[in-house]
1. Pick out the one residue from Tyr132, Tyr112, Tyr147 that is out of contact with any helix residue (DSSP H, G or I) (no Cβ under 9 Å at 6 or more places or on another chain) and aromatic (Phe, Trp, Tyr).
2. Under 8 Å between Cβ atoms, at least 6 apart or on separate chains: pull out the pairs that start in the range 32-45 with a residue that is closer than 16 Å to Leu94 by Cα and end on any residue that is modelled with pLDDT under 90.
3. Just checking, does the range 38-47 include any residue being part of a helix (DSSP H, G or I), more than 30 Å from Thr113 (Cα to Cα) and not aliphatic (A, V, I, L, M)?
4. Output the number of residues of the range 118-143 satisfying the condition of being at pLDDT 85 or above and within 19 Å of Val227 (Cα to Cα).
5. Filter the range 117-136 for residues that are closer than 15 Å to Gln222 by Cβ and not aliphatic (A, V, I, L, M) and give the result.
6. Would you mind listing the helices (runs of 4 or more DSSP H) fully within the range 103-207 where at least 2 residues are under 21 Å from Thr64 (Cα atoms) and aromatic (Phe, Trp, Tyr)?
7. Looking at Arg201, is it crowded, with 19+ Cβ neighbours inside 10 Å, among the basic types (Lys, Arg) and over 15 Å from the mean Cα position of the chain (by Cα)?
8. Which one of these does Lys59 not meet: (1) assigned to a loop (DSSP other than H, G, I, E, B); (2) under 26 Å from the mean Cα position of the chain (by Cα)?
Amino acid sequence: MTAGTGQPADVQMPFTSHLGELRSRLVKSVLAIAVAFFGCYYFVDAIFAFIAAPLRQIKIPGLTLIGTAVTEAFFTKMKLGFIAALIVALPVLLWQGWQFVAPGLYDHEKRYTRSFVCAGSIFFAAGAAFCYVILVQQGLSFLLHRYEVIGVKPMLQVGEYLSTVSRMVLVTGALFELPVIAFFTARVGLIDHRFLIRHSRYALIAMALLAAVLTPPDLISQILLMVPLLLLYLLSIAVAYLARFRMHRRERAAE
C-alpha cells in the first residue's frame, strides 16, 4: 500500500504500519458497534415486534413463538441488539474500510469515500428491505403452511426464528452491495466490465446456489431472489463499464 499523492509513491508503508492502521480501524469499528448496540438495545422490544410481524400475519391455528430455555429471552434480545447495531453502524464500518485502503489510492480516487459509504449503505438497506418484505414473508408462508398439510400445530423456538431471519436479511443486504463493489473495484483498476462478462456463467451458477440455500425449497421463492440478483449483476457490468470509461477519459485528458 502506498501513499496517494496523485501518483503512486515510491516508498511503501512497512508491514508494521499496515498492522497499526488495521488495528486503529478495527478499534474504531468496534466502538461504533458498541455505541450502536446500547442505542439499539433500548429499542430492542420494538425491533423484535418488527421482526416477528411477518410471522404474526400468517393465519395458521396454533402458530406461536416459544422459549425453551431460562436464558433464551435474554440472549435473544442481546443477539437482536447486536444485529441491529451492525446495520446501524454500517456507514461507519464502510468508512473505516475505505480509509484503510485509501493510502494506496490516487488522490482523485480518495474523493469517492462519501459516495462509497452512501451507496453502500443505501444498497444494503435496499437488500435488507427486499428480504424482509419479499423473501421472509413468502418463505415463512410456504414453510409454515406445510404444517397444516400434515395436521401439526407449529410452535417455533424464538432463538431459531431470529437466527433464520437475521441470517437471510444480512446475507441479502450484503449481496445487494454487488454493484457498489463492482464500481469501486473497477474504478481502482482491479476488474472491468469484460471480466464480469467473461465470468457471467460462473456468477449465474453462484446465484442459483445462493438462491437455493437462502430461500425455502420452492421455485417461486428462488425465482424471487434470482431475478434481483441477476439484475444486480447486469447493473454491476454497467457500472464497471462506466467506471473504466471515466478513468480512461481522465487519463486521456491528462495526456
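The values are calculated or read from the model by the stated rules, or taken from the named source; none is laboratory data. This is a predicted model, so every value here is computed, not measured. Because the Cβ atoms are built from the backbone with ideal geometry, glycine has one as well, and the counts that use them run over all protein chains shown.
1. Every option except Tyr147 fails the conditions.
2. Pairs that qualify, where the first residue is closer than 16 Å to Leu94 by Cα and the partner is modelled with pLDDT under 90, are Ala32/Gln96.
3. yes
4. 11
5. The answer is Phe130, Cys131.
6. The qualifying helices (runs of 4 or more DSSP H) are 137-150.
7. no
8. (2)
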